[in-house]
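Only one structure is covered here, and it is reproduced in the block below.
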Amino acid sequence: NIMKLSKLNILAQVANMTLKSKNFAHTQEGIQPIIDAIKPITAIDVGLNNHYLNNNTSKSGPIIYQHIFENSNISMGIFLFPAKTLIPFHDHPKMSVITLNLFGSARVRVLNPESNKGKLEAFEVLV
């Protein structure tokens with residue numbers, strides 16, 4: 001379990017240092033260190049073993065949230081979504097949301113009202 005915790009600790013440290021930097025900007029370049037730190041994390045690293053993944057990824061049920069860490073700069077948590085879950089469209093003002101899909105797939109629709117000089121930008125990705 002030490003290795004599992006260390007990847008999450010490294011992520012929290014990188015995110016905290018990145019966001020506390022006086023030069024930080026909510027841009028792709030600004031959050032890149034956080035993205036680089038989250039990429040190596042796997043479902044096993046956060047305690048989701050193969051038995052769980054094989055038996056629970058396609059069942060319906062409630063959305064489950066597991067809080068990991070929070071301070072004045074960052075909030076980290078894990079959401080477990082049953083298959084075909086829909087989340088209402090919502091925003092996170094003045095926040096960068098970085099998502100790592102640990103297993104399964106997800107379709108994400110994004111609206112960015114601040115791009116293209118005030119024009120609404122929308123795109124969809126499958127992760």
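If you stretched the chain out fully between Ile35 and Lys22, how much longer would it get, using 0.36 nm times the residue separation minus the C-alpha to C-alpha distance?
2.8 nm
Grab the Cα-Cα distance for Met95 and Asn73, subtract it from 0.36 nm times how many residues apart they are, and report the gain in nm with one decimal.
6.9 nm
Which value in nm describes the separation of the simple spin-label points at Arg107 and Ile87, placed 7 Å from the Cα toward the beta carbon?
Calculated label separation equals 1.6 nm.
Calculate the FRET efficiency for Ile10 and Ile63 from the Cβ-Cβ distance with a Förster distance of 35 Å, rounded to the nearest 0.05.
0.85
Every read-out reported here was derived from the displayed coordinates using simple, explicitly stated rules and does not represent laboratory data. Here the structure is a predicted model, which is why all the values come from computation and not from measurement. A quick note on method: Cβ atoms are made from the backbone with ideal geometry, for glycine too, and the neighbour counts reach across all protein chains shown.
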